[in-house]
Amino acid sequence: MRHRLPGVHHEKHPWHANLQVAFTRRSDPRARHPLHRGVRPLHPRRRRPLPARPPDWDVTRSTLGLLGSLTALGMPLGSIAAGWAGDLYGRRLPMIAALAWLSVWMLLSAVAGSLEFFAATRFATGMGLGALIPLVTAYVSESVPPARRALQVGTALTGVAIGGLITGILGRALLPAWDFHTLFLFGVLPLVLIPLVWKLVPAGVQEHPAEADPAREGAVSANRPAQLMTPQYRRATLLFWAATFTGLVLVYGAGSWLPTLMVNAGYDLSSSLEFSITFNIGAVVGTLGASVITDRGFIKAATVTSFVLAAAAMVVLSTPQPRPVLLLASAVAGLGALGTQNLINIFVARSYPAHLRGTGLGFSLGVGRLGAIVGPSYLVAAVGLITSPKAGFYAFAVPTLLGALMTGLFTSPRRAATPAKGPAEAEQPLAG
């Protein structure tokens, strides 16, 4: 029989509840007895720890939130450094370094003996995670024909949503029966990709022949971040940063708080896993569908529409709806959150030449990643200031509409710089 704890809604918040119990089981031998599984000790600090056992971490939900924030804090550093290094040294070496870095710190997370060291490993892991997205996006963008670029890049980026879905299912299935540290051992798996990356990824930066600019060869400066602010790219760069910021406010705010808002609004979510599944399925299917539209030359229209659909989904979720409508709106929210961010990454990759692509992606994700840090706090502040149960949903709608506005103001820096390429070729990158 599973014991229920006051104030902990195990069914409505399974991931948080199970992870908190898993942290507790590390320090309380009673929790390993079948009769005590799932029960948090009442006074973990008053018990004298056994000499052979790790110290009591005494983790609360606020501590879990801090650990998540530390991972997000590391991601901007990884994105900026890896994007710049990818343009300077090619995609292969930085990608291998990021995979090795990520695996090592995930392994250290699995064996961490103190909460302080575990927090440090999460920050370092965030750096590795942040490094991979701009590198993979730039590599895929350069490895496929321009006519199918958006679909191929979008397919690669759906791995983020698929990974989140698999993680949620594994966490639900394995916690609290497994020690939570064990789950981090799965993070060592990226090491098996290193030989494949070494064999398949070119050492240098590759530009598709149809997009090569002979006039620029030999005149590329090593100070690529400064080039992002030259008159040719400044407007697009700042708008990309702003759009990524608003998109990541939605991604991380929705991921952290949307199930809770739905419960407070009266929805009977028997399991937040159901919401997570539909949210991530919407992100995957929506990204692929929007990528096909993007390859038809309507990337701006696809991105603006995705932002607007996210706002519409939040308005729908703010009022009681039948369960099929609820799940459909959750899927649309997934498209509007993760799917829209994937489209922005595709947009950035298509707007810069190969020698600036990694740097542009890295800075866009790095600066925009501040939205991931601000997102949960922004929502808490909005809900605290406005007592209406709909306040949180409308708070999500605001950054989505701002993101749509920023996207609508985009112009193509490459199209303006290369008017002699012909109307069809010049129009494709940023049409819509």
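The values are calculated or read from the model by the stated rules, or taken from the named source; none is laboratory data. These numbers come from a predicted model, not from an experiment. Counting neighbours? That spans all protein chains shown, and the Cβs are built from the backbone with ideal geometry, glycine included. Just the protein is used for accessible areas: all its heavy atoms, side chains included, with ligands, DNA and RNA removed. Shrake-Rupley method; radii C 1.70, N 1.55, O 1.52, S 1.80 Å.
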Would it be correct to say that residue 133 is in contact with a Phe, Trp or Tyr (Cβ under 8 Å, 6 or more places away or on another chain) and among the β-branched types (Val, Ile, Thr)? no
Condition broken by residue 282, with the remaining ones in (1) surrounded by 24 or more Cβ atoms within 10 Å (Cβ to Cβ); (2) not in a helix (DSSP H, G or I) satisfied: (2)
Scanning for something under 18 Å from the mean Cα position of the chain (by Cα) and either within 29 Å of residue 343 (Cα to Cα) or not in a helix (DSSP H, G or I) (or both), does the stretch 109-122 turn up at least one residue? yes
Looking at (1) at pLDDT below 90; (2) under 23 Å from the mean Cα position of the chain (by Cα), which is the only condition residue 218 fails? (2)
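Modelled with pLDDT under 90, out of contact with any Leu (no Cβ under 8 Å at 6 or more places or on another chain) and surrounded by 16 or more Cβ atoms within 10 Å (Cβ to Cβ), is that true of residue 52?
no
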Filtering the stretch 109-155 down to residues that are within 19 Å of residue 194 (Cβ to Cβ) and surrounded by fewer than 18 Cβ atoms within 10 Å (Cβ to Cβ) yields 143
Hey, can you tell me all the residues within the stretch 230-275 that are among the hydroxyl-bearing types (Ser, Thr, Tyr) and modelled with pLDDT of 75 or more? 230, 233, 237, 244, 246, 252
Per the list (1) of a type outside the set (Asp, Glu); (2) open to solvent by 10 Å² or more (accessible area, probe 1.4 Å); (3) over 17 Å from the mean Cα position of the chain (by Cα), residue check on residue 363 breaks on (3)
Is there any pair linking a residue in the stretch 329-340 that is farther than 14 Å from residue 404 by Cβ and without any contact (Cβ under 8 Å) to a residue 24 or more places away in the chain to one that is open to solvent by 10 Å² or more (accessible area, probe 1.4 Å) and outside any helix (DSSP H, G or I), with Cβ under 9 Å and at least six apart or on different chains, and which? 329/321
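Tell me, please, whether a residue that is open to solvent by less than 10 Å² (accessible area, probe 1.4 Å) and more than 30 Å from residue 93 (Cα to Cα) can be found in the stretch 370-378. Step through it out loud before you land on a result.
First pass over the stretch 370-378, keeping only residues open to solvent by less than 10 Å² (accessible area, probe 1.4 Å): 371-372, 375.
After this cut, where a residue has to be more than 30 Å from residue 93 (Cα to Cα) as well, the list is 375.
For the stretch 370-378, residues open to solvent by less than 10 Å² (accessible area, probe 1.4 Å) and more than 30 Å from residue 93 (Cα to Cα): present.
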Complete set of residues in the stretch 285-305 that are aliphatic (A, V, I, L, M), within 13 Å of residue 336 (Cβ to Cβ) and open to solvent by 30 Å² or more (accessible area, probe 1.4 Å): 285, 304
Candidates 339, 334, filtered to the one that is of a type outside the set (A, V, I, L, M, F, W, C), open to solvent by less than 10 Å² (accessible area, probe 1.4 Å) and within 27 Å of residue 384 (Cα to Cα): 334
